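Report on the structure given below.
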Amino acid sequence: MNYEETLAYIHSTLKFGSKPGLSRIRALMEASGNPQKKCAFVHITGTNGKGSTTMFTTNILREAGYRVGTFISPYVDDFRERMQIDGEMIPKDALCRQLEKLLPVIETIREQGHSQPTEFEIVTALALNWFADEGCDIVALEVGMGGRYDCTNVIDAPEAAVLTPISLDHIKILGNTVAEIARDKCGIIKPGCVCVTCFAQAPDALEVIRADCQEKGVPLHIPDRSRVDLLESNLTGTLIDYDGLVLRVNMAGEHQIQNALTALTVAQVLRERGYAITDEHIIRGIADTRFAGRLEIIRRNPLCLLDGGHNAACADVVAKALDDYLTGRRIITVMGMFADKDTAYCVPKIARRSDVFIATQCDMPRARDAHSLAQLAVGHCKDVHWNENISTACKIALELAQPQDVILVCGSLYILHEAREILAL
């Protein structure tokens, strides 16, 4: 199989939807020789901040000299972003070989009576096999959705189970309250690991996490917010002093301080478990971390920002960044969201901070149509437009923008690739 055929097969399995549960992935792993048992893991779940925390953790471990696998989802520009070793995406030929090895395994488990694996199960299996084949020392493994029944939870007890901020999302699957969602995500906590959570965890979620850790005999570690001294903050990042450790966080927003300190705490507990991680490794790893689609600057004149946040908490983060760093600037927003997200909250939150609002949509069944998205902005922004083509919407934004203006593209990671192609210099 060539690369295009490999991608076509993987994406063709999207039609099987999402099927929470571990039976198929366990069968896939067992028939593959249980590659997940050959690596150590930091397992990371939460509603927001998973990807950034995964990358901070990856880079700290890389600085310490470990061979580090990284598994994230979704991707922004290239499918191969989803699985990396030491910061390098899986080579195209390696991805093809891994799928060729996996196809007879898929057929074997179907003959055993299992249903066809989903796309995410296949991608997870490909990554776990590749990490094992390449001899990774440790893998920063981001959960796809939830925790307990997410197929990444096929691993045994990780070195550390990490829970980033938990809020309402995927409520039809995970639960109607923050506490219910937290219970699902606590499924990655297993006896024998250490648990780390963020310093601003929702109180209802933290109560569930504490109880789960106590029941399983798992130590819980939380960064101490009171030890943070903010030295500098702007749209390119922040400089903080954390209990005498001066850290440069090269991603904008207070939430990235939280994500960085969660990763720092992971590094500290790994050090207690025998990993050779110094403070200098932590400092360099955090400073080296940049992540596409998170208040990412891709152009200066006009200033163009991409943010893939897709729920209410993400909209709050973007709104705060606009208030903190861009007050007085003319904001032209291009926004697209999925229909199953809280568009009624997110769109007005961003629209009322925008001078021009252009609704758009990605070419996916879950996308909310651009016209109805635009209607949610009416009354909150004085100049509302809509165009269902992302590239055209971004071209309109560029035509309207003066050099001193700001173009913000937000609402979903799935609209960012096309936006980057138009807006980036």
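In table form, for the structure just shown:
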| item | result |
| --- | --- |
| Distance between modelled label sites at LYS92 and GLU421, nm, 7 Å Cα→Cβ extension | 1.6 nm |
| Amide H contacts under 5 Å for ILE407, placed H, 5+ residues apart | LEU303, CYS304, LEU305, ILE332 |
| Förster radius 35 Å - calculated FRET efficiency between THR327 and ASP133, Cβ distance, rounded to 0.05 | 0.10 |
| Rounded FRET efficiency, nearest 0.05, which uses the C-beta distance separating SER23 from LYS382 and R0 of 35 Å | 0.05 |
| 25 °C / 0.890 mPa s Stokes-Einstein diffusion coefficient of the chain, Kirkwood radius on C-alpha pairs, µm²/s | 111 µm²/s |
| Kirkwood Rh, Cα atoms: Rg over Rh of segment 126-200 | 1.00 |
| Proxy reagent accessibility, fewest Cβ within 10 Å first, across LEU247, LEU230, LEU235, LEU28 | LEU230, LEU235, LEU247, LEU28 |
| Inter-label distance for ALA276 and ARG299, nm, one decimal - labels placed 7 Å from Cα along Cα-to-Cβ | 4.7 nm |
| Violating pairs (Cα-Cα greater than 19 angstrom) within the set LYS50/LYS101; LYS349/LYS382; LYS185/LYS349; LYS50/LYS185; LYS190/LYS341; LYS185/LYS216 | LYS50/LYS101; LYS185/LYS349; LYS190/LYS341 |
| Computed FRET value (nearest 0.05) for ALA339 with LYS37, which takes r as the C-beta separation and R₀ as 30 Å | 0.15 |
| Full-extension gain in nm, ASP241 to SER115, via 0.36 nm per residue minus C-alpha separation | 40.2 nm |
| Whole-Å distance, taken between Cα centres, linking segment 365-425 and segment 108-126 | 37 Å |
| Inter-probe distance in nm under a simple model that places probes 7 Å from Cα toward Cβ, at GLN375 and GLN404 | 3.8 nm |
| Under-5 Å amide H pairs with CYS381, H placed in peptide plane, nonlocal only | none |
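Where a number appears in this text, it was derived from the coordinates with a stated rule and is not lab data. All of these numbers come straight from a predicted model, not from anything done at the bench. Because the Cβ atoms are built from the backbone with ideal geometry, glycine has one as well, and the counts that use them run over all protein chains shown.
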